[in-house]
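Right, one structure below, let's go through it.
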Amino acid sequence: MRILKEFQEFVNRGNVVDLAVAVIIGTAFQNIVNSLVNDLIMPLIALLGGWAKLDDLRVGPFNYGKLIANVLHFFIVAFVLFLVVKAMNKAKTIIVKDEGDEKADGNVPLL
């Protein structure tokens with residue numbers, strides 16, 4: 001019984017719930033980014049390279065096109081996440097600055 005109580009306390013901590021929400025939101029965001037990369041960017045790269053599909057490039061049994069596509073996919077996803085985190089940090093800075101201005105003069109800033 002004690003282990004169950006400790007487990008319940010662990011799960012009820014705020015950071016565990018925050019992590020669960022982040023995983024769920026991240027999974028949903030991953031679907032958007034995957035669609036962007038697979039349905040828009042990768043076909044454009046293949047078109048510019050003159051290939052029907054980048055994944056189809058191969059020499060004998062070695063499917064090097066799939067490796068190239070996965071590496072490109074990784075870098076594109078990493079770059080998109082970088083942009084999202086950068087935008088969120090900028091927004092957080094603006095919000096914190098606005099809250100500081102509000103506390104300093106007592107006025108509520110208008111949108």
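Once segment 56-71 is narrowed to residues that are of a type outside the set (A, V, I, L, M, F, W, C) and assigned to a helix (DSSP H, G or I), the residue that is surrounded by the fewest Cβ atoms within 10 Å (Cβ to Cβ) is Y64. All told, A28 falls short of being without any contact (Cβ under 8 Å) to a residue 12 or more places away in the chain, touching a Leu at 6+ places or on another chain (Cβ under 6 Å) and assigned to a helix (DSSP H, G or I). Residue selection: L19 satisfies the criterion of being at pLDDT below 80, surrounded by 10 or more Cβ atoms within 10 Å (Cβ to Cβ) and within 16 Å of the chain's Cα centre (by Cα).
Within segment 46-55, is there a residue that is part of a helix (DSSP H, G or I), touching a helix residue (DSSP H, G or I) at 6+ places or on another chain (Cβ under 9 Å), modelled with pLDDT of 85 or more and not charged (D, E, K, R)? The answer is no; no qualifying residue exists.
The values are calculated or read from the model by the stated rules, or taken from the named source; none is laboratory data. Keep in mind it's a predicted model, so treat the numbers as computed, not measured. With ideal geometry, Cβ positions are generated from the backbone for all residues, glycine too; neighbour counts draw on all protein chains shown.
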